[in-house]
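Here is the structure we will look at.
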Amino acid sequence: MYNKKTNELEKKLESVHPSGIKDFVADNEEELMTGYRDFMNYMNELFKQKKLLKKDVFLDADISLGYGSKLLTGEKNTRSRDIILRICYAAGFSLEETQRALKLYPLDILYVRNKRDALIMACFNNRPGDIFDLNDVLESNGEEPL
């Protein structure tokens with residue numbers, strides 16, 4: 001999806017004067033996030049790589065097919081990070097793939113110093129079962145389910 005590392009772009013940007021930002025953007029256009037389109041492309045690419053059917057993922061995520069499809073096409077948006085986490089978990093995404101999906105959406109990534117986030121991260125790393133099992137882990141630790 002991207003060819004340059006984020007720190008490469010940051011290094012280049014350090015020497016860019018605000019009057020030259022248009023040139024920076026033009027030179028690095030394919031490297032810059034463009035919102036929901038990048039999220040949609042990323043998700044579709046991973047679904048294809050993993051040979052996943054969207055209807056199966058949405059069923060496993062306990063999300064309606066219509067709503068889930070509209071999220072992935074950009075027709076609908078959500079501010080609920082939990083919805084994206086449910087889709088990623090049901091799709092079998094790794095923690096790294098999930099963090100990237102959250103960044104692209106754009107939503108806050110999971111943060112290990114947050115107890116709930118740490119529990120979710122542990123579930124992504126160790127896969128205790130399906131989305132309902134993940135929710136059981138959260139609830140048994142006094143946290144809200146996804």
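Laid out as a table, the results:
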{"read-out": "Count - residues of region 3-49 that are more than 18 Å from GLU75 (Cα to Cα), in contact with a helix residue (DSSP H, G or I) (Cβ under 8 Å, 6 or more places away or on another chain), at pLDDT 80 or above and part of a helix (DSSP H, G or I)", "value": "6"}
{"read-out": "Selection count, region 88-112, where residues are hydrophobic (A, V, I, L, M, F, W, C), farther than 17 Å from ALA61 by Cα and assigned to a helix (DSSP H, G or I)", "value": "1"}
{"read-out": "Residue within region 97-107 that is touching an Asp or Glu at 6+ places or on another chain (Cβ under 6 Å), at negative phi, crowded, with 18+ Cβ neighbours inside 10 Å and hydrophobic (A, V, I, L, M, F, W, C) present", "value": "yes"}
{"read-out": "Residue list for region 128-144, restricted to those being without any contact (Cβ under 8 Å) to a residue 24 or more places away in the chain and either of a type in the set (Asp, Glu) or surrounded by 13 or more Cβ atoms within 10 Å (Cβ to Cβ) (or both)", "value": "ASP133, ASN135, ASP136, VAL137, LEU138, GLU139"}
{"read-out": "Members of region 54-87 found to be part of a helix (DSSP H, G or I) and surrounded by 18 or more Cβ atoms within 10 Å (Cβ to Cβ), listed by number", "value": "VAL57, PHE58, ASP60, ALA61, GLY68, LEU71, LEU72, ILE83, ILE84, LEU85, ARG86, ILE87"}
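The values are calculated or read from the model by the stated rules, or taken from the named source; none is laboratory data. Values in this document were obtained by computation on a predicted structure and should not be read as measured data. Counting neighbours? That spans all protein chains shown, and the Cβs are built from the backbone with ideal geometry, glycine included.
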